[in-house]
Amino acid sequence: MFEIAPSILSADFTRLGEDIRQIEAGGASVLHFDVMDGRFVPNITIGLPVLKSVRKATELTIDCHLMIVEPNRYAVEFVKAGANMVSVHVEADVHLQRTLTAIREAGGQAGIAINPATPLVALEEALPYADFVLIMSVNPGFGGQKFIPTSIDKVRRLRRMIDERGLATRIEIDGGIDADNIKEIVEAGAEIIVAGSAVFGEGKPEESVKKLIDAGSVWV
Ligand code: DX5
Ligand code: ZN
């Protein structure tokens with residue numbers, strides 16, 4: 001089983017409510033919300049005020065991906081503003097275990113996000129404190145980038161690490177995913193599949209979500 005998490009970074013912000021209704025109708029269950037600060041990544045996007053509005057507009061699970069420096073300063077604020085899931089980058093937080101614990105104590109699901117060039121060993125010790133791991137399959141900063149193929153093996157190795165340790169941690173993957181590569185990614189062990197341009201790029205989000213669900217369904 002896998003879930004599609006459309007990234008609203010690629011949505012049309014002048015009609016965000018309508019785009020959200022379309023992804024709901026298509027069968028998406030998670031809304032991926034990319035927060036960028038222009039420091040951890042070379043781009044600036046959306047933050048707490050937009051999250052509060054989106055929270056009022058949908059019942060979907062809201063998944064905030066914090067691509068910001070010092071995420072410990074803001075992670076709990078995102079839970080309070082309505083995020084169900086909050087991920088912080090292992091590269092950005094020297095006290096990761098503390099931040100994950102704070103997210104959980106605030107009532108959120110805590111996630112560790114990890115860049116393509118960062119080895120899995122960097123998150124090993126913090127794994128029991130995370131509800132999910134977000135494997136970046138592009139360098140974060142922009143939608144529409146090309147999938148980095150070594151990410152598939154990284155998902156497999158993480159799957160093994162989680163299973164060997166008997167943990168319930170879920171694996172999310174983000175960047176460059178479309179109908180052509182989703183199946184291999186799901187087979188490798190990813191359960192939450194983020195997609196931005198593959199959902200919103202053609203202007204038919206409902207259809208595009210359905211297409212991804214079909215393409216990723218390994219049992220057909
Ligand atoms: C990239 C963001 C992604 C992005 C995915 O830094 O974290 O969530 O929106 O977009 P696509 O699916 O177009 O790669
Ligand atoms: Zn993201």
With T = 10 °C, eta = 1.306 mPa s and Kirkwood Rh from C-alpha pairs, the Stokes-Einstein D of the range 133-204 in µm²/s is about 127 µm²/s
Across 10 Å bins beginning at 0, the whole-percent shares of Cα-Cα pair distances in the range 171-220 come to 28, 58, 14
Sorted largest first, the Cα spans of the range 76-125 on the principal axes come out in Å as 31, 18, 14
Summing -39500 (n - 2.57) over every DSSP H run of at least 4 in the chain, dividing by its residue total and rounding to the nearest 500, the 222 nm mean residue ellipticity is -9500 deg cm²/dmol
Note to self: Kirkwood Rh of the range 1-123, Cα pairs, one decimal, Å, is 14.8 Å
Here the range 9-78 gives, from Cα atoms, an Rg and Dmax in Å of 12.6, 36
Over 19 Å (Cα to Cα) among 52/80; 183/211; 146/204; 56/204 -> 146/204; 56/204
Restricted to the chain, the DSSP antiparallel beta bridge percent, nearest 5, is 5 percent
Rh (Kirkwood, all Cα-Cα pairs) for the range 65-220, Å, reads 16.0 Å
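Here, each number is a calculation from the coordinates, and none is a lab measurement. These numbers were taken from a predicted model, which means no experiment stands behind them.
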